Amino acid sequence: MKAIRVSQFGDPAVLKLEEVPDPAPGPGQALVRLHAAGVNPVEAYIRSGKYARLPALPYTPGMDGAGVVEQSDAAALPPGTRVYVTGSLTGTYAEKSVSAASDVHPLPDRLSFEQGAALGIPYGTAVWALFYRGQARWGERLLIHGASGGVGIAAVQLARSAGLRVTGTAGTPEGLDMVRQNGAEAAFNHRTPGYLDQLKEATGGRGFDMILEMVANKNLASDLGLVAAHGRVVVVGSRGPIEIDPRAAMARNADIRGVMFFGAPTGEIFDRISSGLEDGSLAPVIGEALPLEEAARAHEQIMTSAARGKIVLTM
């Protein structure tokens, strides 16, 4: 089978398409013929060697994917079942992948394989950030600072379905339209001078009960001026350090909470996602689908600031 292999850490050029043997599942595992794989920023960090936990070399990247079960000893996953996977033992940037059966979930017929590949890390992170770390409650005002990417759109859909009042930001007109179309009451361009004042005005000066922050190294200081009294700033992503004034948090009795999806209770989280897929409230938005051999290009694009939906690889 064809798979992307990384033999040394470095820039996107280290992602190489190679022929490798088909993986074989063991007890309690499933072999899935993949049609699409999700591309996530964490995979770019790992590939570069700048992540806290690094795999042994060589390896195949990827945890998210969607396709058809080829082999499994789980009664709920007979061969031919359309599925999405939220974890892989062998990597999903490949034509076939082995996963623990608990990480393989039925994919509704209304969703494409590309959409299925966009569920794992983005929707799992959004659920963990909103409802576990952020403790979101019905009727609260939520700002998603950087709402047009994979996690951002997932958070918009999840928050809207849970009864929150959602405001999002994006950096392009297309991104702003996408944020609104997926359930935000309002959307603001975070590249427009004065947009922070516009956000304050949108709450009548009260501030947001919760802020979901995708680029904390740029925005955390300003978030502390936007959060309401007793509010929470939930940090989903950051690409470096930032200097803040702790008094801004103290004056509001506000919390800053970090998010790391690895180690989260994935069983509970994906039960919630499955419910949203069944009732139609959740539907991933695909920004671009690239062939497997263009994994390097996908890694370049995933790190840009103009995200519009999810980037996936197709097989």
Among the residues of segment 68-76, is there at least one that is of a type outside the set (Val, Ile, Thr), at positive phi, assigned by TED's automatic domain parsing to the domain that holds residue 304 and part of a loop (DSSP other than H, G, I, E, B)?
-> no
Has segment 289-309 got at least one residue that is farther than 26 Å from residue 217 by Cα and in contact with a helix residue (DSSP H, G or I) (Cβ under 7 Å, 6 or more places away or on another chain)?
-> yes
Counting only residues that are of a type in the set (Gly, Ala, Ser) and in a helix (DSSP H, G or I), which one in segment 164-209 is surrounded by the most Cβ atoms within 10 Å (Cβ to Cβ)?
-> 175
Could you please find all residues in segment 111-135 being aliphatic (A, V, I, L, M) and either surrounded by 24 or more Cβ atoms within 10 Å (Cβ to Cβ) or under 11 Å from the mean Cα position of the chain (by Cα) (or both)?
-> 117, 118, 119, 121, 126, 127, 129, 130
Looking at 53, 137, 47, which is the one that is closer than 24 Å to residue 259 by Cα, of a type in the set (Lys, Arg) and in the same structural domain as residue 215 (by TED's automatic domain parsing)?
-> 137
If you take the residues in segment 210-232 that are closer than 14 Å to residue 169 by Cβ and among the charged types (D, E, K, R), which one is surrounded by the most Cβ atoms within 10 Å (Cβ to Cβ)?
-> 223
Go through segment 1-25 residue by residue and tally those that are touching a residue at least 60 places away in the same chain (Cβ under 8 Å) and either of a type in the set (S, T, N, Q) or part of a loop (DSSP other than H, G, I, E, B) (or both).
-> 6
The residue from 71, 29 that alone is under 21 Å from residue 101 (Cα atoms) and buried (at least 21 other Cβ atoms within 10 Å of the Cβ) is 29
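The values are calculated or read from the model by the stated rules, or taken from the named source; none is laboratory data. It should be emphasised that the depicted structure is a prediction, and the values quoted were computed from it without experimental measurement. Glycine also receives a Cβ, built like all others from the backbone with ideal geometry; neighbour counts cover every protein chain displayed.
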